[in-house]
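**Student:** Before we start, here is the structure in question, set down as structure tokens.
The values are calculated or read from the model by the stated rules, or taken from the named source; none is laboratory data. Source: prediction; values computed, not measured. So basically every Cβ, Gly included, is an ideal-geometry build from the backbone, and we count neighbours across all protein chains shown. Only protein heavy atoms, including side chains, enter the accessible area calculation; ligands, DNA and RNA are left aside. Shrake-Rupley method; radii C 1.70, N 1.55, O 1.52, S 1.80 Å.
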Amino acid sequence: MNILLTGGAGYIGSHTCISLIEAGYNVVIVDNLSNSSELVLDRILKITNHMPFFYNIDINDKRALLNVFKKHSIDAVIHLAGLKAVNESILNPEKYYENNVVGTINLVNTMKIFGCKKLVFSSSATVYGVPEAIPLFETAHLKPLNPYGRSKLIVEDFLSDIFTSDNEWKIITLRYFNPVGAHKSGLIGEDPKGIPSNIMPFICQVASKKLERLSIFGNDFNTADGTGIRDFIHIQDLSDAHLRSLENINSVKDHLFLNIGTGKGYSVLQLVETFKKVTSQNIPYIFTDRRDGDIDICYANADKANKFLDWSTSKDLNDMCRDAWRWQLNNPTGYN
Ligand code: UD1
């Protein structure tokens, strides 16, 4: 089966690509490399002995996307291409609506032309906004706090309308919690451009002394140690959820929404302490003001995904820290 993986050169995309290749799928990647590197392809080859097809194109380039569908008979699409920086989305909302919303409309239009009606869409727990209750179920209220989150929610609604217009569509939306860690080989991992805004790559760069110390954004949250609690999930467990989605997509009866998390929450301080313990590295930190929009606690109820996908996470916080650190040690400057 031929799977189109948009955003396949990125952090989630590259790990998902490996899961798919190892399960015997042919993978066609389209990626505009805006937040990723072509060098990841050699690493995928090294790990799997297979080179996926790769097109350096933007999903908003209609003609180029059409040509990819003409060239490969695409059976299903995993759509990961999109922008994800919260702050940037506040400063340049039009960029987010254009990439995340218009890009998806263009992709779906192209899929329609070729009669390809199977889609796994990458959404985020960010669509929930401030939780009314914890853990978060898929039925929780949806009130994203920033343009990035709103762009994801608009796409979710758009895909529901696509399904309503034609029930032959099979659509699964995955709402990710906090993906961290790296492939066990240490050959691929998260390679943020500039100073990382997410916690795990920041901790890794402090451990490797690239950055002096971690700023923990707030110690007065409504949690046991005062720092924010998140549902950190190992990137390999997360990429497996994409594989399981493809394998179960034919049984989808409605636009299906699934939380992809471990169902357990750990605080920022617990993460830092675990990282120190498993890597024997020092992580100097200070407490600073809260970051705008950060919430106290966010973790999933993942029962629906566990059941529908016959999937569960197998890696714990120790694995996440160990694997993130291996990637950082082996690749101090990322892919370059
Ligand atoms: C962030 C985004 C979210 C996005 C997700 C995955 C925000 C507000 N949310 O989630 O929309 O889907 O990334 O890309 O940006 N922290 C520190 N110091 C740091 C970095 C983070 O203390 O240098 C803390 C944060 O306050 C938070 C936790 O670590 O409590 C996790 O932060 P982060 O990794 O940025 O993820 P989220 O904010 O949960």
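**Student:** What order do Arg213, Arg175, Arg43, Arg63 take when sorted by accessible area (1.4 Å probe), most exposed first?
**Tutor:** So the residues, ranked largest to smallest area, are Arg63, Arg213, Arg43, Arg175.
**Student:** Sticking with this one: Size of the dipole of the range 85-197 about the Cα centre, Lys and Arg at +1 and Asp and Glu at -1 on the beta carbon, nothing else charged, in debye to 20?
**Tutor:** Here the size comes out at about 240 debye.
**Student:** Which residue, chosen from Gly24, Ser215, Ala300, occupies the Cα position most advanced towards the positive end of the dipole of the chain, where the dipole is computed from +1 (Lys, Arg) and -1 (Asp, Glu) charges on Cβ about the Cα centre?
**Tutor:** Most positive-ward Cα: Gly24.
**Student:** Still on this structure, please answer the following. Tell me which lysines have Cα within less than 16 Å of Lys46's Cα, excluding those fewer than 8 residues away on the same chain?
**Tutor:** Reachable lysines: Lys184.
**Student:** Okay, moving on. For the range 1-119, with the dipole built from +1 on Lys and Arg beta-carbon atoms and -1 on Asp and Glu ones, taken about the Cα centre, which of Asn2, Leu39, Ile59 lies farthest toward the positive end?
**Tutor:** Going by the Cα projections, it comes out as Asn2.
**Student:** May I pose another question? So what is the calculated 222 nm ellipticity per residue for the chain, using -39500 (n - 2.57) for each DSSP H run with n of 4 or more, over all residues, to the nearest 500 deg cm²/dmol?
**Tutor:** Taken over the chain, the calculation gives -11500 deg cm²/dmol.
**Student:** So which lysines can Lys152 reach, going by Cα to Cα under 19 Å and dropping same-chain residues fewer than 8 places off?
**Tutor:** Lys84, Lys95, Lys118, Lys143, Lys170
**Student:** Determine the share of the chain's accessible area contributed by carbon and sulfur atoms, expressed in whole percent, with a 1.4 angstrom probe.
**Tutor:** For the chain, the apolar C and S fraction of the accessible surface comes to 49 percent.
**Student:** What accessible area, in Å² to the nearest ten, does a 1.4 Å probe give for Ile105?
**Tutor:** Ignoring ligands and nucleic acids, Ile105 comes out at about 70 Å².
**Student:** Starting from the Cα of Lys264, draw a straight line to each of the lysines and keep only those under 19 Å, dropping any in the same chain fewer than 8 residues away.
**Tutor:** Lys304, Lys307, Lys315
**Student:** Using a 1.4 Å probe, what is the accessible area per residue for the chain, in Å²?
**Tutor:** Each residue of the chain exposes 44 Å² on average to a 1.4 Å probe.
**Student:** Let me ask something else about it. Just to verify a number: FRET efficiency for Lys70 and Asp289, C-beta to C-beta distance, R0 = 30 Å, to 0.05?
**Tutor:** Once rounded, the FRET efficiency stands at 0.05.
**Student:** Could you give the dipole magnitude of the range 79-149 about its Cα centre, charging the beta-carbon of Lys and Arg +1 and that of Asp and Glu -1, in debye to the nearest 20?
**Tutor:** Dipole about the Cα centre, nearest 20: 300 debye.
**Student:** Residues of the range 246-260 with amide nitrogen under 15 Å from the 7 Å Cα-to-Cβ point of Asn167?
**Tutor:** 251-256
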